[in-house]
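The values are calculated or read from the model by the stated rules, or taken from the named source; none is laboratory data. Note that this is a predicted model, so its numbers are computed, not measured. Positions of Cβ are generated from backbone atoms using ideal geometry, with glycine treated the same way; all protein chains shown enter the neighbour counts. Each accessible area value is taken on the protein alone, full model and side chains, heavy atoms only, with ligands, DNA and RNA left out. Shrake-Rupley method; radii C 1.70, N 1.55, O 1.52, S 1.80 Å.
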Amino acid sequence: MYHRRALLVASAAFGLTLAAAPSLGFAQEKLPVVASFSILGDFVKRVGGDRVSVTTLVGPDGDAHVYAPTPADAKAMAAAKLVVVNGLHFEGWLPRLVKSSGTKAVLAEATKGLMPLEAEEGHDDHGKGKAGHAHGHDDPHAWQSIANAKVYVANIRNALSAADPAGQASYAANATTYLAELDALEGEVKAAIARIPADRRKAITTHDAFGYFVKAYGIEFVAPQGVSTEAEASARDVGRIIRQVKAQKIPAVFLENVTNPRLVEQIARESGAKIGGRLFSDALSDAAGPAGTYIRMMKHNISEIEKALAAGPA
Ligand code: ZN
């Protein structure tokens with residue numbers, strides 16, 4: 001009996017040694033991929049499946065407009081074979097991180113080939129950016145249209161296939177499954193909007209994150225803050241929005257997961273509009289929250305929007 005037991009212990013230890021030595025090729029090594037923020041992280045996980053290991057830089061409820069990378073981020077970048085970013089000047093902090101990390105990874109822009117919307121200007125000094133740097137005026141929040149999300153997914157599928165040609169069939173199959181889910185999701189969003197009376201399809205959000213959603217689904221969102229959270233809303237912007245809410249009888253104002261609620265609470269208080277819940281604009285919630293994936297985020301948002309806008313005044 002002693003012998004047998006000793007043999008088992010020895011083989012278990014041997015097994016561990018093998019597992020810890022990937023160069024022996026016993027376990028398939030996963031493709032190390034970095035995604036710049038949580039929504040992209042979800043897309044990469046869905047398309048990559050079990051062939052990839054995804055590190056997300058700006059995590060749940062994080063604001064990618066104003067992110068400060070950590071040493072762990074630089075390490076993940078250095079180890080990555082592929083880095084997936086949004087582009088359209090969303091991740092202003094990224095070029096420095098690429099440089100400081102010394103990464104040799106391929107950089108893939110998920111918005112490649114999309115027609116960007118122009119950021120709305122004219123809010124006093126917005127659009128110039130806080131430090132007056134020469135940012136483009138493209139609106140980066142393209143994922144808020146599900147048709148665009150499908151372009152993101154196709155770009156990610158192509159980038160993964162180029163980085164790991166052996167996985168091409170797997171990435172193609174995962175993308176096809178996911179794209180069908182996105183088609184169904186888009187149908188749900190359109191049906192929900194159709195249930196809101198046309199004259200009530202309008203609301204206030206904190207920052208201008210829903211331009212693509214507005215254009216795709218036919219609803220009007222007004223925001224005191226511009227397309228980046230970098231610049232503060234001025235008292236004049238807030239006053240203008242309060243007058244607009246009253247004049248146009250805008251039914252609801254929404255909180256956002258990445259912005260301070262104070263501004264929207266003030267607008268609600270001074271205009272008499274109700275607070276219609278919290279929308280996820282630029283980041284998912286954690287897995288336990290209401291918006292742990294892109295699909296859950298869009299379902300949560302449309303459900304909050306419908307609840308707040310569909311019913312007339314009590
Ligand atoms: Zn934003």
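Quick check for me: using +1 on Lys/Arg Cβ and -1 on Asp/Glu Cβ, what's the dipole size of the chain about its Cα centre, in debye to the nearest 20?
With Lys and Arg at +1 and Asp and Glu at -1, about 680 debye.
What are the ³J(HN,Hα) values, in whole Hz, obtained from phi via the Karplus relation 6.51 cos²θ - 1.76 cosθ + 1.60 with θ = phi - 60°, for each residue of region 274-290 in sequence order, with x given for Gly and Pro?
8, 7, x, x, 10, 9, 9, 9, 10, 7, 7, 7, 6, 4, 7, x, x
Kindly express, to the nearest 10 degrees and within the range 0 to 90, the angle between helix 168-195's C-alpha long axis and the longest C-alpha principal axis of the chain.
20
Cα atoms only, the chain: Rg and Dmax in Å?
Over the chain's Cα set, Rg and Dmax evaluate to 22.8, 87 Å.
Report in % the part of the accessible area of region 53-92 that belongs to carbon and sulfur, leaving out ligands and nucleic acids; probe 1.4 Å.
59
Whole number please: convex hull volume per residue, Cα atoms of region 31-183, in Å³.
For region 31-183, the hull spanned by Cα atoms encloses 116 Å³ per residue.
Compute from the Cα atoms of region 194-309 the Rg and the Dmax, the latter being the longest Cα-Cα distance, and quote both in angstrom.
Here Rg and the maximum Cα pair distance are 13.5, 40 Å.
Magnitude of the Cβ-charge dipole of region 31-183, K/R +1 and D/E -1, about the Cα centre, nearest 20 debye?
So the magnitude is around 840 debye.
Residues with beta-carbon under 15 Å from that of residue 29, excluding residue 29: net charge, scoring Lys, Arg +1 and Asp, Glu -1?
Counting the neighbours of residue 29, the net charge comes to +1.
Roughly speaking, to the nearest percent, how much of region 194-309's 1.4 Å accessible area is carbon and sulfur?
The nonpolar share, carbon plus sulfur, comes to 51 percent.
Where only protein heavy atoms count, and the probe is 1.4 Å, what is the accessible area per residue for region 31-183 in Å²?
Heavy-atom SASA per residue in region 31-183 reads 45 Å².
Working from Cα positions, state the angle (0 to 90°, nearest 10) between the long axis of helix 146-163 and the longest principal axis of the chain.
Relative to the chain, helix 146-163 is tipped by roughly 20 degrees.
Residue 164: net charge of surrounding residues, Cβ under 13 Å, Lys/Arg +1, Asp/Glu -1, itself excluded?
That works out to +2.
As a check on your grasp of the helix formula, calculate [θ] at 222 nm for the chain: sum -39500 (n - 2.57) over DSSP H runs of n ≥ 4, divide by the residue count, round to the nearest 500.
Value at 222 nm, helices only, nearest 500: -14500 deg cm²/dmol.
Heavy-atom accessible area per residue, region 194-309, 1.4 Å probe: how many Å²?
So region 194-309 comes to 41 Å² accessible per residue, rounded to a whole number.
Once the Cα atoms of helix 262-271 and of the chain are each reduced to a long axis, what angle between those two axes, in degrees from 0 to 90 to the nearest 10, is obtained?
Compared with the principal axis, the helix lies near 30 degrees.
What's the local net charge at residue 272, with K and R +1, D and E -1, over the other residues with C-beta under 10 Å away?
+3
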